[in-house]
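A.B. asks: Please see the structure below; I have some questions.
The values are calculated or read from the model by the stated rules, or taken from the named source; none is laboratory data. Since this is a predicted model, take the numbers as computed values, not measurements. Every residue, glycine as well, gets a Cβ built from its backbone with ideal geometry; the counts of neighbours run over all protein chains shown.
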Amino acid sequence: MSLIPGIVMSFREGLEALLIIVLILQYLSRTNNTRFNKSCVYGLFTGVIFSILVVYSLNYLRFQISELDKINKIWESLFSLAAVLLIVSFIVSMINYGSSINEAIINKIELNLSKSGLFLVSLFLIAREGVEIGLFFFVGSYNYVSILIGLLLSTLASFFVYLTFLKIDLKKVFNLTTIYLIIQAGYLFGYSIHEALPSIISYLDLNESSFYLTKVFDLSTTVFNHKEGVIGLPMNIIFGWYSKPELIQIVFQYLLTISLILLFYSKQKIPVTLTVLKK
């Protein structure tokens with residue numbers, strides 16, 4: 001499997017989470033509250049540990065479900081669909097939240113300006129992004145290496161920002177990666193439906209000519225094969241292309257994708273910026 005989807009996803013989520021921590025630390029520095037820095041850092045590491053536990057738990061559940069019989073495989077598909085819906089809720093929240101990131105974070109800091117308050121704020125913000133990475137990892141079956149590369153790149157980028165006197169306009173970076181995550185969420189939604197259909201058909205005792213299994217097209221034996229094709233593989237990475245989709249799969253996949261993109265562009269009237277200042 002290509003490393004690109006996992007790298008982009010983990011880089012985007014890691015960058016957002018770490019830049020929020022940078023913003024908190026810079027705010028504490030400007031307001032002479034550096035005594036709270038340790039609480040913020042402790043919250044960060046606790047959030048990371050929590051996220052790792054979530055990823056481990058999800059993969060343990062995946063293994064346990066895969067050991068069940070064929071009929072109970074429906075539950076694996078339903079669990080994947082539930083995870084996709086949670087991912088979509090995160091993306092919607094991210095779209096709405098991104099236009100006022102400074103104000104939202106500063107308000108949280110001011111309301112929780114204590115050791116325990118900042119610990120919890122940092123923990124929640126990091127854990128939220130970590131859980132989102134875990135859900136993408138669970139549903140998308142991304143390679144561990146791609147996740148680690150993306151997180152490493154986001155850490156280096158955030159560290160560079162922390163050491164500079166810059167006003168960073170993150171609009172282009174966040175917009176491009178948000179669009180990419182929307183495409184990936186739509187693809188994962190469609191693929192979850194595709195995986196669920198055989199089990200549902202078997203459970204309901206329907207035949208393979210059922211309307212629900214109707215293929216829109218089948219290009220899996222051509223260069224458009226989404227796993228190995230010279231053209232199909234790049235299209236799969238960039239656009240969430242699938243070479244032999246069922247009608248129901250492609251309808252729901254692109255209905256979700258188009259809806260999220262329209263929501264995203266409806267929120268673009270306000271520029272997304274993150275100001276990072278060093279005292």
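A.B. asks: Checking residue 41 against (1) β-branched (Val, Ile, Thr); (2) within 27 Å of residue 195 (Cα to Cα); (3) at pLDDT 80 or above, only one condition comes out false. Which one?
C.D. replies: Tallying (1) β-branched (Val, Ile, Thr); (2) within 27 Å of residue 195 (Cα to Cα); (3) at pLDDT 80 or above, residue 41 fails exactly one: (2).
A.B. asks: Being modelled with pLDDT of 90 or more, crowded, with 17+ Cβ neighbours inside 10 Å and in contact with a helix residue (DSSP H, G or I) (Cβ under 8 Å, 6 or more places away or on another chain) is true for just one of 274, 260. Which residue is that?
C.D. replies: From the options 274, 260, the qualifying one is 260.
A.B. asks: Can you pull out the residues in the stretch 125-153 that are more than 26 Å from residue 189 (Cα to Cα) and touching a helix residue (DSSP H, G or I) at 6+ places or on another chain (Cβ under 8 Å)?
C.D. replies: 153 - this is the single residue of the stretch 125-153 that is more than 26 Å from residue 189 (Cα to Cα) and touching a helix residue (DSSP H, G or I) at 6+ places or on another chain (Cβ under 8 Å).
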